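**Q** Sharing a structure below in structure tokens format, with a few things to ask.
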Amino acid sequence: MRGKCIEEFEVGQVDESRARTITETDVVQFSWISGDVNPMHTDSVHSAKSPLGQRIAHGALGLSVATGLSASLGYLDGTAIAALGIDEWKFIKPILFNDTIRLRATVVAVRPTSKPDRGVLVRRMDLLNQHDDVVQTGLMTTMVLTIAGRKAIKNKP
């Protein structure tokens, strides 16, 4: 396991992911998978007449990409037990087609639980575009193995 255990995170720790460009293909596929075919995402004629003047990516697509960018950091590989929640998620600015976004994850809380094999990690997740504008933000809470929990897993037959 290359992931970190709960004791290895520090409040204030900041990590940035690789960047990813949001394409028309991403939006079309997300429309198909989610069933959200709102014309702001799928109809260039309609969206050209809107206040934004163009199609935009789904807010939920941005959130989904944020989870993938978080995984790309690698520090929860094999040590994350479960996602516990996404709180205070805000859609600050639209994600436009061909925006290149990246994730800035800041540890805001680390605490043990009553079970000795796990703890809780809370991170502020800021999704930024190529102009360094925060386009989405919120808190993600994850249950993470402790060092003792990782050892117990390694020692299982």
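The values are calculated or read from the model by the stated rules, or taken from the named source; none is laboratory data. Please read all numbers here as calculations on a predicted model, not as lab measurements. In this analysis, Cβ positions are derived from the backbone assuming ideal geometry, glycine residues included, and neighbour counts consider all displayed protein chains. In case anyone asks, the SASA skips ligands and DNA or RNA and just uses the protein heavy atoms, side chains included. Shrake-Rupley method; radii C 1.70, N 1.55, O 1.52, S 1.80 Å.
**Q** Can you tell which of 31, 17, 64 is hydroxyl-bearing (Ser, Thr, Tyr) and over 30 Å from residue 119 (Cα atoms)? Full working, then the answer.
**A** On the way: 17 fails: over 30 Å from residue 119 (Cα atoms); 64 fails: over 30 Å from residue 119 (Cα atoms).
Step by step, each of 31, 17, 64 is checked, and only 31 is hydroxyl-bearing (Ser, Thr, Tyr) and over 30 Å from residue 119 (Cα atoms).
**Q** Here are some conditions: (1) among the aliphatic types (A, V, I, L, M); (2) modelled with pLDDT of 95 or more; (3) open to solvent by 40 Å² or more (accessible area, probe 1.4 Å). Residue 128 meets all but one. Which one does it not meet?
**A** (3)
**Q** Does residue 87 satisfy being in contact with a Gly (Cβ under 8 Å, 6 or more places away or on another chain), at pLDDT 95 or above and acidic (Asp, Glu)?
**A** Working: in contact with a Gly (Cβ under 8 Å, 6 or more places away or on another chain): yes; at pLDDT 95 or above: yes; acidic (Asp, Glu): yes.
Considered against the rule, which asks whether it is in contact with a Gly (Cβ under 8 Å, 6 or more places away or on another chain), at pLDDT 95 or above and acidic (Asp, Glu), residue 87 comes out as yes.
**Q** Return the residue satisfying two criteria in turn: it lies in region 51-93 and is hydrophobic (A, V, I, L, M, F, W, C) and in a loop (DSSP other than H, G, I, E, B), and of such residues it is farthest from the chain's Cα centre (by Cα). Walk me through it before giving the result.
**A** The initial filter retains those residues of region 51-93 that are hydrophobic (A, V, I, L, M, F, W, C), namely 52, 56-57, 60-61, 63, 65-66, 69, 71, 73, 76, 80-84, 86, 89, 91-92.
Now restrict to residues that are in a loop (DSSP other than H, G, I, E, B): 52, 57, 73, 76, 92.
Working: 52: 25, 57: 15, 73: 11, 76: 13, 92: 15 Å.
Out of the qualifying residues, it is 52.
**Q** Restricted to region 131-157, and to residues that are open to solvent by 60 Å² or more (accessible area, probe 1.4 Å) and of a type in the set (Lys, Arg), which residue is modelled with the lowest pLDDT?
**A** Restricting to residues being open to solvent by 60 Å² or more (accessible area, probe 1.4 Å) and of a type in the set (Lys, Arg), the top hit is 156.
**Q** Let me ask another. Taking interchain pairs and intrachain pairs at least six residues apart, which have beta carbon atoms under 8 angstrom, with the first residue in region 40-54 and of a type in the set (Gly, Ala, Ser) and the second surrounded by 11 or more Cβ atoms within 10 Å (Cβ to Cβ) and not in a helix (DSSP H, G or I)?
**A** 44/54; 44/55; 47/54; 47/55; 47/56; 48/54
**Q** Would you list the strands (runs of 3 or more DSSP E) that sit entirely within region 96-157 and hold 2 or more residues that are touching a residue at least 60 places away in the same chain (Cβ under 8 Å), out of contact with any helix residue (DSSP H, G or I) (no Cβ under 8 Å at 6 or more places or on another chain) and among the hydroxyl-bearing types (Ser, Thr, Tyr)? If you could, list the steps in order and put the result at the bottom.
**A** On the way: elements: 100-112, 118-128, 134-145.
Fully inside region 96-157 and qualifying: 100-112.
**Q** Something else: Can you name the condition, by its number, that residue 28 falls short on among (1) of a type in the set (Val, Ile, Thr); (2) touching a strand residue (DSSP E or B) at 6+ places or on another chain (Cβ under 9 Å); (3) open to solvent by 30 Å² or more (accessible area, probe 1.4 Å)?
**A** Every condition holds for residue 28 apart from (2).
**Q** Taking region 136-157 on its own, how many of its residues are within 16 Å of residue 71 (Cα to Cα) and hydroxyl-bearing (Ser, Thr, Tyr)?
**A** Counting residues in region 136-157 that are within 16 Å of residue 71 (Cα to Cα) and hydroxyl-bearing (Ser, Thr, Tyr) gives 2.
**Q** Name every residue in region 9-25 that is surrounded by 11 or more Cβ atoms within 10 Å (Cβ to Cβ) and either more than 17 Å from residue 124 (Cα to Cα) or of a type in the set (Lys, Arg) (or both), in order of residue number.
**A** 19, 20, 21, 22, 23, 24
**Q** Residue 110 - would you say it is open to solvent by less than 60 Å² (accessible area, probe 1.4 Å) and touching a Lys or Arg at 6+ places or on another chain (Cβ under 8 Å)? Even if it seems obvious, please write down each step before you answer.
**A** Details: open to solvent by less than 60 Å² (accessible area, probe 1.4 Å): yes; touching a Lys or Arg at 6+ places or on another chain (Cβ under 8 Å): no.
The answer is no for residue 110.
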